[in-house]
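Here the structure is laid out as structure tokens; the discussion comes afterwards.
Values quoted throughout were computed directly from the atomic coordinates according to the rules given, and no laboratory measurement underlies them. Computed from a prediction, not measured in an experiment: that's the story for all the values here. FYI the Cβ positions are ideal-geometry reconstructions off the backbone, even for glycines, and counts take in every protein chain you see.
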Amino acid sequence: MKKALFTAHATAKGGRGGHVKSDDGLLDLDLVMPTENTDKKGTNPEQLFAAAYSSCFDGALNSVASNKKKAIDSTTTADVSFLKDSDGGGFKIAVTLNIEIKGVSPEEAEELSEEAHQVCPYSKATRGNIDVELKPKAI
């Protein structure tokens, strides 16, 4: 394994109905399963993953555009769905990345999004493991 540039730390206790906290205290969140009928407020792993994946992908997109000398303004929204696995033995997630890019044609938006998908660390980590759909849009 190569030398890490940095390592993030977070600890969860109590699973989907528990609590998660980063070592620096910036994340300190109650967890709630959205399908449960409760008044408890909190986030869930899918929401946290959506935040992480969308920010990572948008960074990769801007890096790819910069390398191609393209001035863009982008917004990436990740929709992370919690699904029953088709084999009936559990659950899985799927992701749709809605990518809005100003400053390029529709063809360039698609090209930049596909290239970002090849270099984004989250895309690399999920490749072949979960369904990820890219929906680029030039605006």
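Brief remarks on what is shown
- Shape category assigned to segment 22-63 from the gyration tensor of Cα positions, a/c cut at 1.5: oblate
- Reach of Lys102 by Cα under 17 Å, taken over lysines that are not fewer than 8 positions away in the same chain: Lys68, Lys69, Lys70, Lys135, Lys137
- Eligible lysines near Lys84 by straight Cα distance, threshold 16 Å, same-chain separation 8 or greater: Lys92
- Tail beyond 26 Å, pair distance distribution of the chain (Cα, percent): 36 percent
- Of all lysines in the structure, the ones whose alpha carbon falls short of 19 Å from that of Lys21, not counting any fewer than 8 places away in one chain, are Lys13, Lys40, Lys41.
- Among Ser86, Ser55, Ser123, the residue with the largest mean-square fluctuation in a Gaussian network model of the chain, with springs joining Cα atoms closer than 10 Å, is Ser86.
- Among 3-16, 57-70, 34-47, the peptide with the highest mean count of other Cβ atoms within 10 Å heads the list, and the full ranking is 57-70, 34-47, 3-16.
- The chain: calculated mean residue ellipticity at 222 nm from DSSP helix runs of at least 4, using -39500 (n - 2.57): -10000 deg cm²/dmol
- Compared with the dominant principal axis of the Cα atoms in the chain, helix 45-67 is inclined by about 20°.
- The angle between the Cα long axis of helix 106-119 and the main principal axis of the chain comes to about 50°, on a 0 to 90 degree scale.
- For the chain, share of DSSP beta bridges that run antiparallel, in % to the nearest 5: 70 percent
- Averaging the sequence gap over all C-alpha pairs within less than 8 Å and six or more residues apart, then dividing by the number of residues, gives segment 1-43 a relative contact order of 25 percent.
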